[in-house]
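Visitor: First, the structure itself, so that you have it in front of you.
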Amino acid sequence: MGNNYNQPNRPQPQAAQPPQQVDPAMVQQWLETRKLEVQNEASQTRIREKEIEANSSYAHASLKHQAEYLKTKPAQDRKDLLLISGIAAFFVILLMGFVLYCLHIGEKDLVTSVLKGIGWVGTSVLSYYLGRNNNKKSTQSRSDSNEAEIVDE
């Protein structure tokens, strides 16, 4: 057991090898390649910096436009609400004029039929609108909730 050099699990000592000659042309070529790699990395860094600057200016411009939009949004909402109210008032006045004219000429059955039809269409449209908005709210609340994930092991 005195000789540990012949055991298969132990590394065997290496005989000293003479140093290999390095070709100066290969070293020069490696240095040139390395120089080009460094130049390439530097140019990529400059390109990334320009890209970051461009994204930054785009983000600032976008925020500026959003701020301007939010400043004018309440006024635009009032204009839209006023327009819709005006159109609705026009149709209500037109309907009242039609009803009064029909009552004046004695067409009570026509007025009843028209009002039933308007009631049916109005109810259908209102139900559709409210149902559509309710579905939007329920899908948003489902996507916003952070429920625990159940993992089967």
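The values are calculated or read from the model by the stated rules, or taken from the named source; none is laboratory data. Predicted model, so just to flag it, every value in this text is computed and none were measured. Using ideal geometry, Cβ is built from the backbone for each residue, glycine included, and neighbour counts are taken over all protein chains shown.
Visitor: Which condition breaks for Ala25 when tested against (1) among the hydrophobic types (A, V, I, L, M, F, W, C); (2) at pLDDT below 90; (3) surrounded by 10 or more Cβ atoms within 10 Å (Cβ to Cβ)?
Guide: (3)
Visitor: I'm trying to understand the selection: among the residues of region 102-117, which are charged (D, E, K, R) and more than 19 Å from Val92 (Cβ to Cβ)?
Guide: Glu107, Lys108, Asp109 - these are the residues of region 102-117 that are charged (D, E, K, R) and more than 19 Å from Val92 (Cβ to Cβ).
Visitor: Ok, one more. Quick check on Lys71: is it of a type in the set (D, E, K, R), exposed (fewer than 10 other Cβ atoms within 10 Å of the Cβ) and either in a helix (DSSP H, G or I) or at pLDDT below 95 (or both)?
Guide: For Lys71, the condition - of a type in the set (D, E, K, R), exposed (fewer than 10 other Cβ atoms within 10 Å of the Cβ) and either in a helix (DSSP H, G or I) or at pLDDT below 95 (or both) - is met.
Visitor: Pairs, please: C-beta under 8 Å, at least 6 apart or cross-chain, first residue outside the structural domain of Gly122 (by TED's automatic domain parsing) and in region 79-97, second modelled with pLDDT of 90 or more and aliphatic (A, V, I, L, M)?
Guide: Leu95/Ile118
Visitor: If I filter region 117-129 for residues that are in a helix (DSSP H, G or I) and surrounded by fewer than 10 Cβ atoms within 10 Å (Cβ to Cβ), do I get at least one hit?
Guide: no
Visitor: While we're on this one: When Tyr58 is evaluated against the numbered criteria (1) more than 39 Å from the chain's Cα centre (by Cα); (2) of a type in the set (Phe, Trp, Tyr); (3) farther than 30 Å from Ile118 by Cα, which criterion, by number, is the only one it fails?
Guide: The single condition Tyr58 does not satisfy is (1).
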